[in-house]
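Notes follow the structure.
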Amino acid sequence: MLYDTATDWRAAPHKRVVLYAMSGLGKTHVSSLLRETGDWFHYSIDYRIGTRYMGEYIADNAKREAMKVPFLRELLLTDSIYIGANMSFHNLKPVSAYLGKPGHPDKGGLPMETYQMRQDQFQRAEEQALLDTGYFIDRAQELYGYPHFVCDTGGSICEWVDPEDPADPILSHLSQQALMVWIRGSEAHTEELVRRFDREPKPMAYQPAFIAACWTQYLDETGTSETRVDPDAFIRWVYARALAHRQPRYEAMARNWGITVDAADMATVRDHADFTEVIGAALPG
């Protein structure tokens, strides 16, 4: 690891970490707290995906919908209006809205073929955004003078890596650049994530084989045709399975490539000093 001991970590003049966990366990919150200290560069993988790698897809999809409205169509064709996504670290809805949900078109669902195409686009985008981490570490220090760096990953990072492969290209790159930190939730956190998702189901990205198997099983269990599936009902059904699918992958990433910090401990972080101590406590003495 980049820092072998707590002493190495605490003494390091340049602290670099990659935070990963299921969405909702505090990655962005802690990254934002660190950014606000003025000494940490906050690299958001999801923001990079939405602005650099999927921005054109997102904007074109919005334009496609606008072209269906005669009034807007005329303005677009004459370059009289501009359509773009207004994304920020705390507002990544344009990305999730583009990913969408499969199912009944009258309920906002997408044909499975379109859904899978967008999932593939997201996978390529996330893989590239993760591999951009080293570039942003150099950029943050050389261009802006930030001494410290935090990479705020998306929950789907575990879908595109093989944590048991010592030559995995993404994990090799990340671990060479920064300390990989898994924020581990408890059973209570998992229950709360499920409740939160049930209230407001949102699109997510999954391994192609996983989502294909879930789709087939859901159709079999419900006896529903592809075009009649309730999109929200389906992704609610998938979510608990996704948590179970991802947990061992996160565990293997932490075991082979980094360290683990409990979400309850990470929730105590209020500033740079707190963060330094929480990470130091998870490293060998």
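Just checking, which of Thr224, Thr216 is surrounded by fewer than 17 Cβ atoms within 10 Å (Cβ to Cβ) and not in a helix (DSSP H, G or I)?
Within the list Thr224, Thr216, the selection yields Thr224.
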Report summary line: Scanning the range 169-228 for residues that are in contact with a helix residue (DSSP H, G or I) (Cβ under 6 Å, 6 or more places away or on another chain) and small (Gly, Ala, Ser), the one nearest to Phe275 (Cα to Cα) turns out to be Gly185
Report task. Please indicate, with yes or no, whether at least one residue in the range 91-98 is open to solvent by 40 Å² or more (accessible area, probe 1.4 Å), over 20 Å from Phe197 (Cα atoms) and of a type outside the set (Gly, Ala, Ser). Result -> no
Report summary line: In the range 48-72, anything among the basic types (Lys, Arg) and either loosely packed, with under 13 Cβ neighbours inside 10 Å or in contact with an Asp or Glu (Cβ under 7 Å, 6 or more places away or on another chain) (or both) is listed as Arg48, Arg64, Lys68
Report task. Output yes when any residue across the range 52-75 is at pLDDT below 95, assigned to a helix (DSSP H, G or I) and among the polar types (S, T, N, Q), and no when none is. Result -> yes
Query raised in the report: Just one of Thr5, Thr78 is more than 26 Å from the chain's Cα centre (by Cα) and open to solvent by less than 60 Å² (accessible area, probe 1.4 Å); which is it?
Result: Thr5
Report summary line: Selection from the range 254-285 of residues in a loop (DSSP other than H, G, I, E, B), open to solvent by 10 Å² or more (accessible area, probe 1.4 Å) and touching a residue at least 12 places away in the same chain (Cβ under 8 Å) yields Ala267, Arg270, Asp271, Leu283, Pro284, Gly285
Query raised in the report: Residues in the range 192-202: is at least one within 17 Å of the chain's Cα centre (by Cα), open to solvent by less than 60 Å² (accessible area, probe 1.4 Å) and closer than 17 Å to Gly103 by Cα?
Result: yes
Query raised in the report: Scanning for something outside any helix (DSSP H, G or I), open to solvent by less than 50 Å² (accessible area, probe 1.4 Å) and at pLDDT 95 or above, does the range 232-252 turn up at least one residue?
Result: no
Query raised in the report: Mind checking which pairs have a first residue in the range 205-224 that is under 15 Å from Tyr239 (Cα atoms) and free of Cβ contacts under 8 Å to residues at least 60 places away in the same chain and a second that is open to solvent by less than 30 Å² (accessible area, probe 1.4 Å) and part of a helix (DSSP H, G or I), Cβ under 8 Å, 6 or more apart or different chains?
Result: Gln207/Glu159; Phe210/Glu159; Phe210/Ala242; Cys214/Val238; Tyr218/Phe234; Tyr218/Val238
Report task. Kindly indicate the residue of the range 25-47 that is part of a helix (DSSP H, G or I) and open to solvent by 40 Å² or more (accessible area, probe 1.4 Å) and also farthest from Glu126 (Cα to Cα) among those meeting that condition. Result -> Glu36
Query - Gln128 being open to solvent by less than 80 Å² (accessible area, probe 1.4 Å), under 29 Å from Thr224 (Cβ atoms) and either of a type outside the set (A, V, I, L, M, F, W, C) or at pLDDT 95 or above (or both) - result: no
Report task. Enumerate the helices (runs of 4 or more DSSP H) found wholly within the range 85-147, keeping only those where 1 or more residues are aliphatic (A, V, I, L, M), within 15 Å of Tyr47 (Cα to Cα) and out of contact with any helix residue (DSSP H, G or I) (no Cβ under 6 Å at 6 or more places or on another chain). Result -> 93-99
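The values are calculated or read from the model by the stated rules, or taken from the named source; none is laboratory data. In this text the structure is predicted, and so the values were computed from the model without any measurement. Please note: Cβ atoms are built from the backbone with ideal geometry, for glycine as well, and neighbour counts cover all protein chains shown. When the accessible area is computed, the model is the full protein with side chains, heavy atoms only, and any ligands, DNA or RNA have been set aside. Shrake-Rupley method; radii C 1.70, N 1.55, O 1.52, S 1.80 Å.
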